[in-house]
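The values are calculated or read from the model by the stated rules, or taken from the named source; none is laboratory data. Being a predicted model, the structure only gives us computed values, none of them experimental. Neighbour counts run over all protein chains shown; Cβ positions are idealised from the backbone, glycine included. Heavy atoms of the whole protein, side chains included, go into the accessibility calculation; ligands, DNA and RNA do not. Shrake-Rupley method; radii C 1.70, N 1.55, O 1.52, S 1.80 Å.
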Amino acid sequence: MKRHLLASATVAVAALSLAACGTSEPSTDDAAPSAKPAAQKITVTDATGAKVTLDGPATKVVATEWNVVEDLVALGVSPVGVADVKGYTAWNTAAPLTGDPKDIGTRGEPSIDTVAALAPDLVVATDDLSPDVVAQLRKVAPVIQVTSADGADQIGTMTEGLDLVARATGKTAEATTVKNEFEASIAENKKALEDAGLGGARVASADGYVDANQVSVRAFTANSLLGSVNEKLGLKNAWTVEGDKAYGLATTDVEGLTKLGDVHFSYIANDVDGDAFADNLSKNAVWKSLPFVEDGNVHRLPDGVWMFGGPRSMEAYADSLVDALTKK
Amino acid sequence: MAVISKSVVGRDRPAAATTGTVAVTAGLVLLVLVLAVVDITQGTADVGASEVRDALLGRADAGDSSVVIASRLPRMVAGILVGLALGAAGAALQSVSRNVLAAPDTLAVNAGSYLALGLVAVTGVSLPFLASSGAAFVGGLAAAAVVLGLSGLGKGTVRLVLAGSALMLGLNAVTEALLLLFPQKTEGLYRWGQGGIGQNGFDGVQQMLPVVVAGLLGLLLLGRRVDALGLGDDAARGLGVPVRGTRVTAVVFATLLSAAAVTLAGPIGFVGLCAPALVRPLARRFRGLTRSRTGMPVAGLVGAALILGADVLLRAVVPADLAVEVPTGVVTTVVGSVFLVVMALRTRDTDAAEAPDRLRIPGRTAFLVTVAVLVVALFAVVVGAVLLGDAKLLLGDVVNWTQGRSGRVVTYVLDARVPRVLAALLAGAALALSGTLVQAVTRNPLAEPGILGVTGGAGLGAVLVVTTVTAASSWVIAGAAFAGAAAASSLVFGLAARGGFRQNRLVLLGMGVFAGTTALISLVIVVSDPFDTTRALTWLSGSTYGRNMPDVLPVTVVLAGALVWSAVRRRELDLVALDDNTPRLLGLRLTRARLGFLVAAVLLAASAVAAAGLIGFVGLVAPHAARALVGRRHARVVPVAVLLGAILVTLADLLGRTVIAPAQLGAGLMTAVIGAPYFLYLLVRTRR
């Protein structure tokens, strides 16, 4: 029995070795990488203070979070690797993917293997990625980390991220255009709100999830990205709960909504994942008794606006919110 | 005279017992009522005591009364229903299995239901509430059937707890894999997995109420037969009670109750275990409670009091908005784990220690062949692990890489992949050695660093550092893991040492500490980073993701040291594993030797946790299989166990990295999926 085992194991190993012999890539003796002239070198300082030097404007770029994917797409760079391509396609339609990027795994755990196999000349990550993983990625390619969110100044953080990506990819002119279009869109929408007599209206932005029989409502407080855009549009934040330091998010339940009072309630859901408010809360007595529900001031925004995205998403958000508010 | 006094006593006693039972029941009802009243005044809305009073009197405004009616009352009623269901189910399960540790948790009923619901969530089919409860019921019943079938009824607590917890770990691993694979679809399922009684209106409660009532009634009708089972199977048969039928029916009703509770509130930990345990001392004073027909409902009341008490306590201690984040089940699990520890200390070791597995003593050749086969297998697995992955490589690439002249892509891929393979290999070897040492010292073939709470403690220490310190170095994480492991193991071993490391006490203490530390880990994750559970979850599932060479250093050092040491001390290990007297006769300082081996085992387990997260089963399965293969001399067991552990974890890591690439599963999840069935098989094989 054991002999048999030993024999078959040996055969298996031998077969495996034979099949696995050879190389999938020539060794460095065979092919020397072509060096670029030093004049084109770009040095950027990323959000963590790391100085990153690139041989030239990066073109083969991998992105591990959706906000930086969006930045790349907005700047006209087609990323070669994107985390959770399917999810991005569902959640972010403001900046649809260009090219045909390879899926590098989940956003929380991008596959280093896959990234390495793509041999990118730049990896754009956010500061949410753990330092261990960044250290590994740095061996693969230069990595710049973008601050994913900062409750102190969300819009500033968002545009700084865009600028950082733009410098590394040599697209600073495009970045200026994107930022200008964002500002113009905000100004236009702000005016539309004022014309409709909604200047200074109180707004609560949210999304919601169902766990078993409970609906948890995620509040986008004044310190969140959506909340900041709301204020920029001249609206007032209605949430009294305090958000976390980075994202400005807080969780509450349906009871907590009673503190909002008379507001415009706007939420984002996705057909892929369901609509907790329409599917699960519509028959709830607390929900039905809320003043904004009674007045019909509840707006589900169209799918595909990524709540933690870049300027393109926020333009789409401002458009859809103002559309919803001024419709009636 | 004698006749008279006898009749007086005869008449008096039942009367006194009935009064006592009624008093206890009334007291419990009152307690539940008080807690219920306090509970409905707590919540995120500004609806306090006076508003609740107004709402109940119909004088409040529409908003306040809707909060009371659609949010507070359903939560309170759900708490009572779930408590009743779990308490009664636990009492029934303990009676029919004649086992004080049978409960929805220890029979893996909750885990089975949780997995069934997870599967439903992932398929995206939104089932109506009753149907999803049906799925939970089927899942729970299947799990209970497996555990009871494997452990045998009335055959001792340790087998039951072990079979139950092995299945629970295996099933939970699959569920966690689903959570990681479908993060969007299962968002919230993790938190829900800890259990919470909040409700979206009365719908859920209304639909589950008939199920709970049916389950309770069924158990009550069965009460007399269950009592008859308490007399022993033969006596029960003599009374004309169908033993088998009664057991099966009772388990079905109890599972129905647990499934209803799980559907309503998620798995709420340990209420089904604690509630009957709290009734037992009462039953010694008030004999009426020993009857199932009164005992089960009273256990239900205690369950309701436990859940409402946990809910009230949570909201009294933390602000309402944060309380929404903290699952009630975590609180009950922490309480329950303390309970398990206390019960472990009170349990007398009625079970005879498991007879040492009868093993043939294979010869030297057999040992050498085994080692050769394992070395070849390890080599094959390592080669496979290095070549396979999202980018497939060939051996020539590896040769080039080792000589430092590989191409750009190959260098990148291998630079990232090799530390992971090493981390898995070394962690597996370290856990196997740790398990071997613990089993030798405790002379307990079921002892394992995971089951003994050592890895749980290490995990808690490491998670605390990972979540609070932004860029903790590998040595700091390893240090924290060691501190946690040391604390947990001093608790478990310290308390168990008084009984001379007997089976029951050690394993029960360990399970208690294990449950408590995992609940605390969940709590730390939920509170510290409610919006990014993936990272800690990954870490908890035993992943080599993101390992660098420096991370592998602590475990390498510890493993090398421990291997050398156990090679030098192999004779002492054999002696320590033998019995209490022989080593003393031979002049071995037993306590010192034991302590030394235990410290080494704890160090090994902690450094493995720091390198690759929580990985279970390896420390149990590897030494066991090694002894079965080469006998019990440690000079032979240690190398074989270490090789087996290394193979198992490297293989698990390889599967985790490749099966669903580019997304990945933790190695710990994979070892649980591989290890749980093997462990159950071991239990089947040792069934007498």
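Side notes on the structure shown:
- Restricting segment B:52-96 to residues that are of a type in the set (S, T, Y) and in contact with a Gly (Cβ under 7 Å, 6 or more places away or on another chain), the residue that is nearest to A:E255 (Cα to Cα) is B:S71.
- Considering (1) at pLDDT below 85; (2) surrounded by 22 or more Cβ atoms within 10 Å (Cβ to Cβ); (3) facing chain A (nearest Cβ under 7 Å), the lone condition that B:L395 does not fulfil carries the number (2).
- Any helices (runs of 4 or more DSSP H) falling wholly within segment B:578-688 and containing at least 1 residues that are within 14 Å of chain A (Cβ to nearest Cβ), under 22 Å from B:R159 (Cβ atoms) and not aromatic (F, W, Y): B:618-630
- Qualifying residue in segment A:217-234 (condition: out of contact with any Asp or Glu (no Cβ under 8 Å at 6 or more places or on another chain), closer than 30 Å to B:S132 by Cα and either of a type in the set (A, V, I, L, M, F, W, C) or facing chain B (nearest Cβ under 9 Å) (or both)): yes
- Pick from segment A:281-326, criterion surrounded by 19 or more Cβ atoms within 10 Å (Cβ to Cβ), hydroxyl-bearing (S, T, Y) and out of contact with any strand residue (DSSP E or B) (no Cβ under 6 Å at 6 or more places or on another chain), ranking: modelled with the lowest pLDDT: A:S289
- Yes/no for A:F277 being of a type outside the set (D, E), more than 23 Å from A:G200 (Cα to Cα) and in a loop (DSSP other than H, G, I, E, B): no
- One residue stands out among those in segment A:270-280 that are of a type outside the set (D, E) and open to solvent by 10 Å² or more (accessible area, probe 1.4 Å): the one that is farthest from the other protein chains (Cβ to nearest Cβ), which is A:A278.
- Any hit, segment B:356-367, residues being at the interface with chain A (Cβ under 9 Å from one of its Cβ atoms) and closer than 21 Å to B:Y545 by Cα: no
Okay, residues lined up against (1) under 30 Å from A:V85 (Cβ atoms); (2) open to solvent by 30 Å² or more (accessible area, probe 1.4 Å); (3) touching a residue at least 12 places away in the same chain (Cβ under 8 Å):
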{"residue": "B:L644", "(1), (2), (3)": "no, yes, yes"}
{"residue": "B:I647", "(1), (2), (3)": "no, no, yes"}
{"residue": "B:G656", "(1), (2), (3)": "yes, no, yes"}
{"residue": "B:A667", "(1), (2), (3)": "yes, no, yes"}
{"residue": "B:V673", "(1), (2), (3)": "yes, yes, yes"}
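- One residue from B:A78, B:A121 being outside any loop (DSSP other than H, G, I, E, B), within 10 Å of chain A (Cβ to nearest Cβ), closer than 15 Å to B:G266 by Cβ and open to solvent by 30 Å² or more (accessible area, probe 1.4 Å): B:A121
So that you can scan it fast, the table gives a plain yes or no per residue for (1) surrounded by fewer than 24 Cβ atoms within 10 Å (Cβ to Cβ); (2) within 14 Å of chain B (Cβ to nearest Cβ):
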{"residue": "A:D132", "(1), (2)": "yes, yes"}
{"residue": "A:A166", "(1), (2)": "no, no"}
{"residue": "A:A173", "(1), (2)": "yes, no"}
{"residue": "A:A187", "(1), (2)": "yes, no"}
{"residue": "A:L193", "(1), (2)": "yes, no"}
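- Some residue of segment B:96-103 being assigned to a loop (DSSP other than H, G, I, E, B), in contact with a strand residue (DSSP E or B) (Cβ under 9 Å, 6 or more places away or on another chain) and crowded, with 24+ Cβ neighbours inside 10 Å: no
- The test for being in contact with a Leu (Cβ under 7 Å, 6 or more places away or on another chain) and at pLDDT below 85 does not hold for B:A78.
- Criterion: of a type in the set (A, V, I, L, M), more than 24 Å from A:G274 (Cβ to Cβ), touching a residue at least 24 places away in the same chain (Cβ under 8 Å) and not in a loop (DSSP other than H, G, I, E, B) - qualifying residue of A:V210, A:V203, A:V229, A:V217: A:V229
- Being open to solvent by 20 Å² or more (accessible area, probe 1.4 Å), out of contact with any Phe, Trp or Tyr (no Cβ under 7 Å at 6 or more places or on another chain) and more than 10 Å from every other protein chain (Cβ to nearest Cβ) is true of A:P142.
So that you can scan it fast, the table gives a plain yes or no per residue for (1) assigned to a helix (DSSP H, G or I); (2) β-branched (V, I, T):
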{"residue": "A:V68", "(1), (2)": "yes, yes"}
{"residue": "A:G76", "(1), (2)": "no, no"}
{"residue": "A:Y88", "(1), (2)": "yes, no"}
{"residue": "A:G108", "(1), (2)": "no, no"}
{"residue": "A:P120", "(1), (2)": "no, no"}
{"residue": "A:V124", "(1), (2)": "no, yes"}
{"residue": "A:D132", "(1), (2)": "yes, no"}
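- Lone unmet requirement of (1) in contact (Cβ under 8 Å) with a residue 24 or more places away in the chain; (2) open to solvent by 20 Å² or more (accessible area, probe 1.4 Å) for B:R589: (1)
- Verdict on A:D103 being of a type outside the set (A, V, I, L, M), open to solvent by 20 Å² or more (accessible area, probe 1.4 Å), closer than 23 Å to A:N270 by Cα and within 12 Å of chain B (Cβ to nearest Cβ): yes
- B:A353 fulfils the conditions (1) more than 19 Å from B:V32 (Cβ to Cβ); (2) modelled with pLDDT of 85 or more; (3) touching a helix residue (DSSP H, G or I) at 6+ places or on another chain (Cβ under 7 Å); (4) open to solvent by 30 Å² or more (accessible area, probe 1.4 Å) except for a single criterion, (2).
- With respect to (1) within 22 Å of A:V322 (Cβ to Cβ); (2) among the hydrophobic types (A, V, I, L, M, F, W, C); (3) surrounded by 20 or more Cβ atoms within 10 Å (Cβ to Cβ), the lone exception for A:L257 is condition (1).
- Yes/no for B:A108 being on the phi > 0 side of the Ramachandran plot and either aliphatic (A, V, I, L, M) or within 12 Å of another protein chain (Cβ to nearest Cβ) (or both): yes
- Flag if B:A676 is in contact with a His (Cβ under 9 Å, 6 or more places away or on another chain) and closer than 30 Å to B:P362 by Cα: no
- Inter-residue pairs, beta-carbon under 6 Å, first under 10 Å from A:V305 (Cα atoms) and in segment A:78-100, second aromatic (F, W, Y), 6+ apart: A:W91/A:W306; A:N92/A:W66; A:N92/A:W306
- Residue in segment B:534-541 that is more than 20 Å from the chain's Cα centre (by Cα), at pLDDT below 85 and open to solvent by 30 Å² or more (accessible area, probe 1.4 Å) present: yes
- Per this entry, A:A116 is not counted among residues that are assigned to a loop (DSSP other than H, G, I, E, B) and open to solvent by less than 30 Å² (accessible area, probe 1.4 Å).
- Taking the criterion of being assigned to a helix (DSSP H, G or I), surrounded by fewer than 20 Cβ atoms within 10 Å (Cβ to Cβ) and either more than 7 Å from chain A (Cβ to nearest Cβ) or within 35 Å of the chain's Cα centre (by Cα) (or both), the residues of segment B:399-422 that qualify are B:V399, B:T402, B:V418.
- Check on A:E242, charged (D, E, K, R), part of a loop (DSSP other than H, G, I, E, B) and open to solvent by 30 Å² or more (accessible area, probe 1.4 Å): yes
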